[in-house]
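Take a look at the structure below.
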Amino acid sequence: MRDYVIPVIGSLNVNDIETAHIEKVLAPIWDKIPETASRVQKRVEHVFNYAIAGKLRTGDNPARREYLKARLGKLQKGNGHHAALPFLESPAFMVELRERDSISARALEFTILTAARTGETIGAVWDEIDLKKKLWTVPAERMKADREHRVPLCDRVVDILKALPHRGAHVFSGTNKKPLSNMAMLQLLRGISPGHTVHGFRSTFRDWAAERTGYPEFVVEMALAHAVGDEVVKAYKRTDLFDRRVRLMRQWAGFLAKPRPPKSGEVHNLRERRAS
């Protein structure tokens, strides 16, 4: 709403807005980022339903999906996959990322290390963080599954947080004290590794966990804040397996901290290596 809707129609009276206005909001992202377009459309539709129910607006809801489909065409949701960096390439990527000195770079590193979603990171506030306990508690209202999510913080994440300037309530904010745009990390990523997405690092994490650890799939799914409802894990519904996830995320951080492998053809002095 802040990034896509308010700049276009935020100054208009709710009773004066028509489908053409909503089309103007959604047209730039309808085909380019359909998943985001779908979420924006649903939220705007909810706002107008509230306005109509409260008699703040007369007439029909201008943000109904069928109206926008008639004007913009069918929303192509694609296969739902996000371009992910292969996990074997992620340590080298992290070396380059850590060389970038910006809030968006630290936000992206934080997001990767915690396997969080973009919205969870840019919406994070200091009150959710407990550095002594190395814990980030994301409230249910900010989670996709509408369920509180406890995130263990590895040492590197704690170091990132301690070094950040406190510019307001939000953890990752600019000099204007406003939280980062939801495009800030993606724009940075495009400059380092074109073609990949921030959300794709969650798949990178999942692939690494499957290939390089022995943790059950439901532990990894809990780390990703996915709903776990399989018959096999019903006994675990009363816990979030936090202690096991602490170890899992430490291993993930350790893997990402591996030194960059030498480039092809690079020569090292083995005698100096032995001496060191």
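Where in the range 113-150 does the amide nitrogen come within less than 20 Å of the point 7 Å from the Cα of Gln187, taken along Cα to Cβ? The answer is 118-124, whose backbone nitrogens lie closer than 20 Å to the label point. From least to most packed, judged by other beta carbons within 10 angstrom and beginning with the fewest, Leu85, Leu189, Leu12, Leu224 follow the order Leu12, Leu224, Leu85, Leu189. Placing a label point 7 Å from the Cα of Leu56 along the Cα-to-Cβ line, the residues of the range 3-23 whose backbone N sits under 19 Å from it are 3-19, 21-22. Based on C-alpha pairs under 8 angstrom that are at least 6 apart in sequence, the range 1-62 has a relative contact order of 38 percent. Counting every other Cβ atom within 10 Å of each residue's Cβ, Phe242, Phe255, Phe172 order from fewest to most as Phe242, Phe255, Phe172.
With the simple model of a label 7 Å out from the Cα in the direction of the Cβ, Asp3 to Asp159 spans 2.9 nm. Of Leu186, Leu26, Leu248, which has the largest mean-square fluctuation in a 10 Å C-alpha GNM of the chain? Of the options given, Leu26 has the highest mean-square fluctuation. Per residue of the chain, the DSSP helices (runs of n ≥ 4 H) give a summed -39500 (n - 2.57) that works out to -13500 deg cm²/dmol at 222 nm. Computed over every Cα-Cα pair of the range 91-208 and binned at 5 Å starting from 0, the pair-distance distribution P(r) comes out as 2, 11, 23, 26, 22, 12, 4, 0 percent.
Only Cα pairs under 8 Å and 6+ residues apart enter the sum, and on that basis the relative contact order of the chain stands at 19 percent. Hey, for a label at Arg250 modelled as a point 7 Å past Cα toward Cβ, could you say which residues of the range 169-211 have their backbone N under 18 Å away? Answer for the range 169-211: 209.
At the listed q of 0.20 Å⁻¹, the Debye profile of the range 6-72, built from one uniform point per Cα, gives log10 I(q)/I(0) equal to -0.76. Given the alternatives (1) 37, 24, 16; (2) 39, 22, 20; (3) 28, 25, 18, semi-axes √(5λ) of the Cα gyration tensor in Å as computed for this entry is given by (2).
In this calculation the C-beta distance from Leu12 to Ala210 is compared with R0 = 51 Å, giving a FRET efficiency of 0.55. The label point for Lys258 and the one for Arg43, both projected 7 Å from the Cα toward the Cβ, are 3.8 nm apart.
Among Glu35, Glu66, sorting on how many other beta-carbon atoms sit within 10 Å of each Cβ, with the fewest leading, yields Glu66, Glu35. Only one residue of Leu135, Tyr215, Met183 has its Cα farthest out toward the positive end of the dipole of the range 87-256, where Lys and Arg carry +1 and Asp and Glu -1 on Cβ, and that residue is Leu135.
Any read-out appearing in this document is the output of simple, stated calculations on the displayed coordinates, not a laboratory observation. Here the structure is a predicted model, which is why all the values come from computation and not from measurement. Cβ coordinates were reconstructed from backbone atoms using ideal geometry, including for glycine residues, and neighbour counts include every protein chain displayed.
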